[in-house]
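Trainee: Sending over a structure as structure tokens; questions will come in a sec.
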Amino acid sequence: MGAFCSVIKFENLQELKRLCHWGPIIALGVIAICSTMAMIDSVLWYWPLHTTGGSVNFIMLINWTVMILYNYFNAMFVGPGFVPLGWKPENSQDSMYLQYCKVCQAYKAPRSHHCRKCNRCVMKMDHHCPWINNCCGYQNHASFTLFLLLAPLGCIHAAFIFVMTMYTQLYNRLSFGWNTVKIDMSAARRDPLPIVPFGLAAFAATLFALGLALGTTIAVGMLFFIQMKIILRNKTSIESWIEEKAKDRIQYYQLDEVFVFPYDMGSKWKNFTQVFTWSGVPEGDGLEWPVREDCHPYNLTIEQLKQKADKRVRSVRYKVTEDYSGSCCPLNKGIKTIFTIPCTEEPRIQLRKGEFILATRGLRYWLYGDKILDDSFAEGVSRIRGWFPRNCVEKCPCEAETDPAPEGEKKNR
């Protein structure tokens, strides 16, 4: 109820501007079309309200819509939670383990990162989502994940209504010839006749809504499984990338150390309850986090400082092995690449075979980085920045890495 009140009152009316963005407009449009068409098809042509099943079905459709919108607006307006401006740790000695944000004039709390879109340091930042026009982080991670669960479930129910409506309305209207199958949209055979006939416009609208429902089920369903995977490991997308770069750093320098992610509690249930609670309020304050017994409290932030100091792992050099057009939905790069498209407003970059890329972060099937526009890798050269599929590049050999360690360090290795 407290979260609901925060949605209704809005701490700042400027938050309403989040709705004036292509992401929420498309998302709410899909929700409105699928839910409205499902109710209309159900009441008029498939399962009338005067039957018990029809009444239960209609209540379930309303229930899906309310729960989806509640969690959607919760994720959008409650927000991820921001590190207070000017924040610093209570123990001044702990500041040596933290990065300082010049924009927020504050230290970055553990697990927090600065978002260029929100222009604030976000607590336990996972990513900036254009569909809610806000970041996904500490306070709204549960609501965002529940939205990703409920949206496909509601769309599956709606898709069932759409299919059954078209089947029952068109079943008696098919006349088979030797070479064609003709559909007579006017010869309705139903007793009693519906108030509004199921004509060509209704058929087209139902078919369009079915396509939206199936597309949403697949796309959002994939996002849900990705989110649950990292939640059960008590990680975020950014932390997964930091861990990957940590392993790369250790392997490159052949160090006798093992990076242990400090926030994995060792139990999927304990990790789950870090995000989902009965009260709806996540555990902790978003600034301090419980860690494993065998880890330093600032193990992750210490690793970030090491990577920041090591120019080589700031960006890993890749060579382009396949051309990429820069399209948002590259059909020729595989089904896994299509279904794991980054949900971000950041651009895609066009690649040509033989070019070099400096990747700074990424997902399982996508990378984000800079394309070098000339053959010199000196500081200050012009670059194009954006996302590109991981399967069209390959990592360069260690001796050809961008921003290599100084010659003295090479000799020591």
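The values are calculated or read from the model by the stated rules, or taken from the named source; none is laboratory data. Computed from a predicted structure; not experimentally measured. Reconstructed Cβ throughout: ideal geometry from the backbone, glycine too, with neighbour counts over all protein chains shown. To get the accessible areas, we keep the full protein, side chains included, count just its heavy atoms, and leave off ligands, DNA and RNA. Shrake-Rupley method; radii C 1.70, N 1.55, O 1.52, S 1.80 Å.
Trainee: Roughly how big is the stretch 209-311's charge dipole about its Cα centre, with Cβ charges of +1 (Lys, Arg) and -1 (Asp, Glu), in debye to the nearest 20? It would help to have the intermediate numbers written out before the result.
Mentor: On the way: 12 positive and 14 negative charges, 72 e Å.
It comes to approximately 340 debye.
Trainee: How big is the stretch 35-157 by Rg and Dmax over its Cα atoms, in Å?
Mentor: Using the Cα atoms of the stretch 35-157, the pair Rg, Dmax is 21.2, 70 Å.
Trainee: What accessible surface, in Å², does a 1.4 Å probe find on I218, ignoring ligands, DNA and RNA and rounding to the nearest 10?
Mentor: Number for this one is 80 Å².
Trainee: Quick one: ranking I25, I132 by accessible area, 1.4 Å probe, largest first, what do you get? Working shown, then result.
Mentor: Values: I25 105, I132 0 Å².
Solvent-accessible surface, decreasing: I25, I132.
Trainee: Next up: How large is the translational diffusion coefficient of the stretch 231-345 in µm² per second when you combine the Kirkwood radius over alpha carbon pairs with Stokes-Einstein at 10 °C and 1.306 mPa s?
Mentor: Values: Rh = 17.2 Å.
In µm²/s, the coefficient rounds to 93.
Trainee: State which entries of K247/K319; K229/K395; K124/K247; K124/K306 exceed 24 angstrom in Cα-Cα distance in the structure shown. Don't skip to the end; give the middle numbers.
Mentor: On the way: K247/K319 20 Å; K229/K395 26 Å; K124/K247 21 Å; K124/K306 20 Å.
Those over the limit are K229/K395.
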